[in-house]
Amino acid sequence: ENLVNIIRHSLHCGVNHIETAQGYGCSELQIGLALKQLFDEGVCKREDLIIQTKGGISSSTSKSDYKSSILQQIERLGVGYLDLFSVHGLNTDDHYNWLFDHGEKGNLIDALKELRAEGKIRHIGFSTHAPAHIIKKAIETDVFDYLNLHYHFMGSYTASGDGTEGQLEGNAENIRLAQKHDMGIFIISPYDKGGRLYAPSNLAREIMLPDLEPMEYGSLWLWDKGAHTIVCGAARPSDLDQPVLAAIRSSTDKAKEDLAVVTRRIKEREEQVLGKDWAESWHVGLPNYSQSEQRGFQIGNIVWLYNTILMYGMLDFAKDRYGTLTGNAKRWDSNKTWKENVFANPGFNWMPGCAYDESYDYTSDLKDVPEQNLPRVLEAMEFVHKW
C-alpha cells in the first residue's frame, strides 16, 4: 500500500521515472504488483512511465544466462519492455572485460544488443562505483546511451577531485565526457551518498539557509552541472516534496540566484576554513584504492572526508562512509594479491578502499604529494581515523 501511494504521489507531482534493480531484494516484484494496481485503476498507462532496472554480472555469467535473467526481470515487473536497462556495477576492469571480451561464454554486451533489437530494451546504460578511468573507458566505447554514477556538490563519494591525469580521480571529467558523447546522466544517491542531505548537519543548513535547504541546493547544483536525472529513494510519499520543489524552482531566475549565492558562500567558507592553497591542491598526488597496489588504501577519499567534516560538520555522514573502509581493512589479507583481496570481499568494489593504518609507512603511496601538503595529508588521515 505504501509503495502504491508513493508511486501515485510521484505521478501527481509529475515524476514518472521509476528505477530499481534485480539486486534490491524483491523490489522488482513489488513494483510490478503496484504498477498493475495503478494500471487497473486507470491512474496511468505503461507508456506514461519510464521504467528502469539493473542487472549484475559475474565471471560465470554467459551471454545466454544474462539474456534469460533480464527477461525474467521484465516478467517480474510486468511491463513488457524496459525503457532503460543498466549493467549493475561496472566497477572494475574485470567487469568491463566480461562485457566486451568474455571468451567462450560470449560477450555480455551482446545480450543487451539482442534484447534491444527485439524491442525488450530501449536504451542500454551502466551503473558504476568505479574509479574514474574505468568509467571513462566505458563511456568511450559509444555502446551506452546513459550512465548512473556518483557526483555531488561536495565530492564524488568514492573519489573526489577533477580526475586530472596523475591526480586523484573524480567524476567531474566523466560528466563532461558523457555530455560530449550525448549520454544521459543519472546521479546515484544525491541525498544520501551526497552528504545525507535528508538529515543534514546543523552546519550545512546554517551555510545554505535562508536561501535553500541542503536537498534543494544539492539538486540545483547537479542540474546546473548537466545532470539529467537524480534519484530519490522515497520511503514515504512526503520524501518527494523537497526534490519536487527543487525541480519546480529549477527553471526560475530566483533559483539560479539562490544557487549562485549559496555557492559563493560555500567558496568563501572553503577559503576561510581550509585555506585557499589547500582547497585548490589537497587532492594532488593522492591515490585511491586502484592506485594503492599494496594495501588498497582509499587515501583521497579519507582526506576528502576530513575536508567534508571541517567544511560542513558532516561527522555522521563521514562515520558512515569511513565505516565501510574500516570493514574492508579488517578483511584485507596481506598474503593475497591486490586483485584477490578486491574480489574476495563482494562489497569491496561497490564501497572500495581500506582505512588508515597508523602502523603503515605511507612514503611510497604519498610520493606524488606536494611537499607542502604532506604534513596535512597525514594529519587528515589520522583525524578521520580517530573520529
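The values are calculated or read from the model by the stated rules, or taken from the named source; none is laboratory data. Since the model is a prediction, treat every value here as computed from it, not as a measurement. When we count neighbours, we look across all protein chains shown, and the Cβ atoms used for this are built from the backbone with ideal geometry, even at glycine. Protein only, heavy atoms only, side chains kept; ligands, DNA and RNA dropped before computing areas. Shrake-Rupley method; radii C 1.70, N 1.55, O 1.52, S 1.80 Å.
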Output for the stretch 226-246, where each listed residue is buried (at least 16 other Cβ atoms within 10 Å of the Cβ) and within 22 Å of Arg176 (Cα to Cα): Ala227, Thr229, Ile230, Val231
Checking Gly32 against (1) within 30 Å of Arg249 (Cα to Cα); (2) crowded, with 17+ Cβ neighbours inside 10 Å, the condition it does not meet: (1)
Residue count for the stretch 25-52, restricted to those that are over 23 Å from Gly125 (Cβ atoms) and among the hydroxyl-bearing types (Ser, Thr, Tyr): 0
Failed item, numbered, when Tyr66 is tested on (1) in a helix (DSSP H, G or I); (2) open to solvent by 10 Å² or more (accessible area, probe 1.4 Å); (3) among the hydroxyl-bearing types (Ser, Thr, Tyr): (2)
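Inside the stretch 81-101, can you point out the residues that are more than 16 Å from Thr20 (Cβ to Cβ) and not acidic (Asp, Glu)? Reasoning before the result, please.
Step one: list which residues in the stretch 81-101 are more than 16 Å from Thr20 (Cβ to Cβ), which gives 90-101.
Answer for the stretch 81-101, where residues must be more than 16 Å from Thr20 (Cβ to Cβ) and not acidic (Asp, Glu): Leu90, Asn91, Thr92, His95, Tyr96, Asn97, Trp98, Leu99, Phe100.
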Some residue of the stretch 310-325 being modelled with pLDDT under 95, of a type in the set (A, V, I, L, M) and out of contact with any Asp or Glu (no Cβ under 7 Å at 6 or more places or on another chain): no
Set His129, His123, His133: member being in contact with an Asp or Glu (Cβ under 6 Å, 6 or more places away or on another chain) and either part of a loop (DSSP other than H, G, I, E, B) or not acidic (Asp, Glu) (or both): His123
Matching residues in the stretch 289-300 - criterion: being open to solvent by 10 Å² or more (accessible area, probe 1.4 Å) and out of contact with any Cys (no Cβ under 8 Å at 6 or more places or on another chain): Ser290, Gln291, Glu293, Gln294
Residue among Tyr151, Tyr146 that alone is crowded, with 23+ Cβ neighbours inside 10 Å and either under 15 Å from the mean Cα position of the chain (by Cα) or touching a residue at least 60 places away in the same chain (Cβ under 8 Å) (or both): Tyr151
Hey, Arg116 modelled with pLDDT of 95 or more, surrounded by fewer than 21 Cβ atoms within 10 Å (Cβ to Cβ), in contact with a Pro (Cβ under 7 Å, 6 or more places away or on another chain) and part of a helix (DSSP H, G or I) or not: no
Count of the stretch 257-277 residues which are touching a residue at least 12 places away in the same chain (Cβ under 8 Å) and open to solvent by 60 Å² or more (accessible area, probe 1.4 Å): 2
